[in-house]
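Notes follow once the structure below has been shown.
The values are calculated or read from the model by the stated rules, or taken from the named source; none is laboratory data. Source: prediction; values computed, not measured. For neighbour counting, all protein chains shown are included, and Cβ atoms are generated from backbone atoms with ideal geometry for every residue, glycine included. What goes into the accessible areas is simple: the full protein's heavy atoms, side chains included, and nothing from ligands, DNA or RNA. Shrake-Rupley method; radii C 1.70, N 1.55, O 1.52, S 1.80 Å.
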Amino acid sequence: MTSNSASAEPRPESAGSVIPRHVDGTAPRHPVPRHVAIIMDGNGRWAKARGLPRAAGHKAGAEAARKVLRASGEAGVECLTLYAFSSENWRRPEAEINDLMGLLRFYLQSELNSLHREGIRLKIIGDHNAFKPDVAKMIDHAVSKTAANTRMTLAIALNYGARAEIVKAVGRIAGSGADMAQISEEMIDAALDTAELPPLDLLIRTSGEQRLSNFLLWQVAYSEMLFVDTLWPDFGAEALNAALADFAGRERRFGGL
Ligand code: FPP
């Protein structure tokens with residue numbers, strides 16, 4: 001859970017529908033995206049191709065996440081959001097869910113100190129309170145320990161679904177006593193789990209699938225999207241840098257000419 005409260009104040013960095021333009025009227029280029037989000041897909045296929053259990057694919061996927069986080073920080077990305085567990089993932093076999101929770105426990109324990117040392121703030125989007133109490137507690141501890149870090153943000157989507165996030169945001173606004181007839185994009189922006197994060201610049205999905213799977217549906221409105229065939233465990237620093245180079249070559253018009 002986040003500490004966001006519904007507010008009519010637009011976030012300065014998103015500034016609602018105000019679109020930044022150069023003085024000559026051309027669209028600005030953003031060599032490095034401030035906020036990259038990744039749908040890490042293909043762990044199962046990676047494992048299957050090697051005759052390994054799916055758990056081995058998730059383990060390799062978690063290693064890839066570690067490498068991509070480091071590479072993102074080195075490239076100057078301010079925020080990396082990873083889709084680690086969707087609200088639909090509860091439909092997977094219990095053994096696989098347990099494997100994912102085990103990995104989460106392991107990485108929270110083994111990586112927390114280095115995340116903190118490197119100035120990385122951990123943020124959770126979604127509702128991790130549905131997880132086993134020990135895991136939820138570890139997450140809360142990691143979030144509060146790193147809360148004041150400013151070099152980079154790692155946002156992990158856990159038990160996350162974008163539609164539920166939007167519904168929750170609207171509920172927060174209604175609960176704040178706001179006049180619902182006057183609801184605005186800025187109010188929704190400020191009530192989403194992502195409220196404190198920079199606007200989403202680039203969304204990547206690995207493994208050749210071209211779907212959003214209920215991830216950041218609101219936030220993706222003006223972001224660039226990149227679908228790559230690489231299976232997630234094979235996606236490392238080099239693939240991330242190739243994605244950033246692709247982004248740097250795009251012209252973003254935000255609906256203008
Ligand atoms: C999709 O691959 C991946 C996931 C459902 C989970 C992502 C998890 C990790 C990268 C490991 C790190 C996670 C935690 C919680 C520490 P898939 O299983 O859907 O692959 P497939 O489509 O090839 O079967």
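Applying 1/(1 + (r/R0)^6) with R0 = 25 Å to the Cβ-Cβ distance of Ala95 and Ile166, what FRET efficiency is obtained, to the nearest 0.05?
Numbers: r = 32 Å, r/R0 = 1.28.
E(calc), rounded to 0.05, equals 0.20.
Just to be sure I follow: if Rg is taken over the C-alpha atoms of segment 24-97 and Rh is the Kirkwood radius over the same atoms, what is Rg/Rh?
With Rh from the inverse mean 1/r over Cα pairs, Rg/Rh is 1.13.
Roughly speaking, what is the stretch gain from Lys67 to Ser176, that is 0.36 nm per residue apart minus the C-alpha to C-alpha distance, in nm to one decimal?
On the way: separation 109, 0.36 × 109 = 39.24 nm, distance 4.06 nm.
Contour length minus the Cα-Cα distance gives 35.2 nm.
If I take the Cα coordinates of segment 96-211 and project them onto the principal axes, what are the three extents in Å, biggest first?
Principal-axis extents of the Cα atoms in segment 96-211, largest first: 48, 36, 31 Å.
Averaged over every viewing direction, what's the projected area of the C-alpha convex hull for the chain? Give it in nm², one decimal, please.
Working: hull surface 57.8 nm².
Approximately 14.5 nm², given one-decimal rounding.
Taking the Cα-to-Cβ direction at Ser184 and at Trp218 and moving 7 Å from each Cα, how far apart do the two end points lie in nm?
1.5 nm
Residue-wise, which Karplus ³J(HN,Hα) couplings in Hz belong to segment 44-52, taking 6.51 cos²θ - 1.76 cosθ + 1.60, θ = phi - 60°, and x for glycine or proline?
Working through the residues one at a time gives x, 5, 4, 5, 4, 4, 9, x, 9 Hz.
Roughly how big is segment 46-190's charge dipole about its Cα centre, with Cβ charges of +1 (Lys, Arg) and -1 (Asp, Glu), in debye to the nearest 20?
640 debye
For the pair Arg250 and Asn113, how long in nm is the line joining their label points, each one 7 Å along Cα→Cβ?
3.9 nm
Straight-line reach from Lys132: which lysines fall under 28 Å, measuring Cα to Cα and dropping same-chain residues less than 8 apart?
Hits, sequence-local ones excluded: Lys59, Lys67, Lys123, Lys145, Lys168.
Could you order the peptides 35-43, 177-185 from most to least packed, using the average number of other C-beta atoms within 10 Å per residue?
Details: 35-43: 24.8, 177-185: 11.0.
Ranking, from highest mean packing down: 35-43, 177-185.
Taking a ≥ b ≥ c as the square roots of the Cα gyration tensor eigenvalues, with a/c under 1.5 meaning rounded and otherwise prolate when a/b beats b/c, else oblate, which class fits segment 46-154?
oblate
How much accessible area per residue does the chain have, counting only protein heavy atoms and a probe of 1.4 Å, in square angstrom?
49 Å²
Hey, got the dipole for the chain? About the Cα centre, +1 on K and R Cβ, -1 on D and E Cβ, debye to the nearest 20?
560 debye
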